[in-house]
1. Mind checking which pairs have a first residue in the stretch 101-112 that is in contact (Cβ under 8 Å) with a residue 60 or more places away in the chain and a second that is open to solvent by 30 Å² or more (accessible area, probe 1.4 Å) and part of a helix (DSSP H, G or I), Cβ under 7 Å, 6 or more apart or different chains?
2. Take the stretch 478-495 and flag every residue that is open to solvent by 10 Å² or more (accessible area, probe 1.4 Å) and among the β-branched types (Val, Ile, Thr).
3. Among (1) among the small types (Gly, Ala, Ser); (2) at pLDDT 95 or above; (3) out of contact with any Cys (no Cβ under 7 Å at 6 or more places or on another chain), where does residue 188 come up short?
4. Looking at residue 572 and the list (1) at pLDDT below 95; (2) more than 15 Å from residue 457 (Cβ to Cβ); (3) part of a helix (DSSP H, G or I), which single condition is not satisfied?
5. Any idea which residue in the stretch 754-782 is surrounded by the fewest Cβ atoms within 10 Å (Cβ to Cβ), counting only those that are among the hydrophobic types (A, V, I, L, M, F, W, C) and assigned to a loop (DSSP other than H, G, I, E, B)?
6. How many residues are over 30 Å from residue 274 (Cβ atoms) and open to solvent by 30 Å² or more (accessible area, probe 1.4 Å) if we restrict to the stretch 131-154?
7. Within the stretch 371-383, which residues are open to solvent by less than 60 Å² (accessible area, probe 1.4 Å) and either modelled with pLDDT under 90 or in contact with a Lys or Arg (Cβ under 9 Å, 6 or more places away or on another chain) (or both)?
8. Answer yes if at least one residue in the stretch 727-748 is open to solvent by less than 60 Å² (accessible area, probe 1.4 Å) and modelled with pLDDT under 80, and no otherwise.
Amino acid sequence: APIRGQLLLARRRETPLDRKETMATSRLESDHFADDTSSTEGNASVVSRRRAAPAFEIMDCQNYDWAKDDLTDLGQRRRELLRWHLVGFVAVSVALIGALVECAITNLNGVKFGYTESLTSRKLVGRGLFFYVVFNLVACSVATFCVLAAPRAKGSGIPEIKCYLNGVKVREVIAEKTLVAKLIGVVGSVSGGLVCGKEGPMVHIGAVIGAVVSQGRPETFGRGRTTRSRTWKFLNTEREKRDFVAIGTACGVASAFGSVIGGVLFMIEEASSYWNQKLFFRATYASTVNVCFIVFLLQLFRDPEHPQKLFDRVKFQGMAVFENFDDDELDFKDRSASLVVLLLTVAVGAVLGAWGAAFNAANKKITKWRMKFYARYPSNNFFKLLEVLLVATVISLTSYCVPLATSEWCRPLEEPSPFGVRKHRVVRFQCEKGHYNEFATLSMASLSDSITSLFHANSVNAFSFQALALHFATTSLFACVTYGLHVPSGLFLPSILCGATFGRLVGLAVVPSIFKHNTRRNLARVVQDLTVAGGIAGLAGTTRMTVSIVAIFLSTILDGTHVVPVFVAALASKIVGDVFNEGLYEIHIELQKYPYITDVPPLAPKKEAAAERQKSRIFWHDNTVEAVMSRNVHCFSALARYADVVATLRRTSHNAFPVVQIQTTTTSMDDGTFVGLITRDQLLVVLAESRRSAPYVYVRNDGDTRDYFPRFPDIDDLPSIDAIGPDAVLDLNPYTNKSALTARPETSLLFANVLFRTLMLRHLVVLNEASKVCGIVTRRDLMRMHLGGGGDCDNDNSSSSHRQRFNNENPRAANHHHATSGPALGEPSSPLAYRQPLLATAPLRSSSSMSSLDTAANSSPRTLDDAQRRIVAEMV
């Protein structure tokens, strides 16, 4: 049959090795890749199979459907009003869930510690130990089962949320089942005695709520088209969803600490890679509403017998309550930090910065060992549960048995009490009446109660040097081991507790010898200053945050006199810690091989020689996008046949395709002018909505992808080619993003890195002087520079080592990509020279079978004959 409507002819004949490589990689999903031309063709029985979902994929936050919105003033006001209503609803929802989590944890801890202390006070030590251990094991088992049901509920979730807001959508990280598992699991892990907090998981919970509320439909199940009014449809984009996830993140922090400005600063400093003024104001509004709601809810819970206090003076405190210093017997209103105290604060911050670096390095090694061990038994969950139970057992035995080891832990609770009005927080634990067990006060209590006892001890000798040293060592060890277990766990409170313990330890050892002539009252003030500074320095040492955690910290203690010491300690800790390694969240992102793009491209690893780091620095500063771009780009014509588009989507797994315009006088398919970019999801929606209307294809609903977001049609669900017609022509112009960002080959690589991070790009098309496509840069291309090979980002069609092995075994195929498809293109004169694009459509086939398609494609020429040129002229 004569070939009609052939617009894009660029195919090369496969070798047996090509086909073998294709079958091995055809189910993988990727962005454009440089040398994966062999992956564009393959066995039909393999490529038509539904692809397995990748571990994570890259988001495309460019809005391709904005032209379909109601752009009138009334429509704009309706959309903006709807946004503000949904933001408020997110804030209230996070507050309700936060209050629920706090109530559950407080009640469970009350039952556990209350019944255990009642048994020990009656000298039933063995029975008390049995109850304490069994209670913790049951609670931790529940948390582990939740993570086994939803693996993304593991840990704090902050690394995954950071990746999401950076443009990397980790699979099921914002799913409904992850929300439920995180909600139940964090109650079990915190009440089970593990050294972890609930604040980090609250950030993840807030992010999931923001994503679910903004879309108004389930995230993980259901498929197909939905009917929504134009007023609501604008929310069904990755950009809107990303903004609501950022707002939910701010609400999670605000709920955890009762800090409005802390939640907003956390979103800006740590979580979001992109933010603007509108997002800032929405996050501020949401955090304010959230704090107001959770404060009143927690006030009702903590004092249900006196609801009238809601109309009295209310302290705006969140889930983590360290209490303010206004109630202390020491008068801190007139304090002034001396130079000696500031120098001691700097020293404490620097030491805790080194401690944070050691903590992160140890946790990294433990996590690597876990990953290698569980890789051997991927389907065996018994070892995961066993590890959690072993760690919980060791922590329970330590916290229960160490206070019983010696009677020296018992100290008199004399008047005035060393804990002031907070003497009800001390733990007696088998000590005589009128005494308290100093180690049990720190170990047999919740983390927030232990931190409060350290902060508000009005006496220098409230805790002994031995108790503080032992508690610091055991808490640091248990926190390092706990973070990474298969339970929901946070890092905020363990870091603050370790830092506060060390700060008080230094104060107890140094302050009495330096301030010999000061009164005990002044000595207590200095020790308390170092304790508070140590708490913030411990958190800064592990997370490497500064401004946001200072705002959070000051909100929890409601005291402005500690501003300068806290800032000095946080900065000293961060500066020293950055000398050795990165923050713990960044380390876990690196371990999981998430394609996270940093604001400043990293140098070679710190363990490498200075020459290697200098070479890495020179590469980023001296190279252009031409060094990393993919050169064999699959393009579509602005007028393409339905059959060709379906065939190309079946043969490839790329996420986006440049669209080019073919002129009537064109004699070669490589001279198409760039029109715009069209994504795979957009093509699938357009094909799914296609109906036969010869000679063109009629597309229902203007091909609006928001009707399907976030679950787009599958390639096997499209209308058959026989139903549409083998000669039906599809006009891609209305669905092409003609404002897609482009670059020249001379564009700086550093500037491309800034574009990908700040604008959350997924593709950057590279054009030559004549606006011809000469390459494309994807996030995966940049991540090779960041990670030296990166992770399994969207499962690229072939790894670097696999392609290198293929090129070494087949130098002819590596150097001549189109040797069997007509005249070969000019070979590059240098490794940085680019080749012309590979135009990816197939010739017309008389049937819909892939075998006949491949047979016709392998024998197709690369130039147009007279008949084809006339058809092109008619279609244009």
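1. 101/183; 103/301; 112/135
2. Passing the criteria: only 481.
3. (3) is the only condition that residue 188 fails.
4. Exception for residue 572: condition (1).
5. 770
6. Residues meeting the conditions: 9.
7. Correct list: 374, 380.
8. No, the conditions are met nowhere in the stretch 727-748.
The values are calculated or read from the model by the stated rules, or taken from the named source; none is laboratory data. Predicted model, so just to flag it, every value in this text is computed and none were measured. So basically every Cβ, Gly included, is an ideal-geometry build from the backbone, and we count neighbours across all protein chains shown. All accessible areas refer to the heavy atoms of the entire protein, side chains included, with ligands and DNA or RNA removed. Shrake-Rupley method; radii C 1.70, N 1.55, O 1.52, S 1.80 Å.
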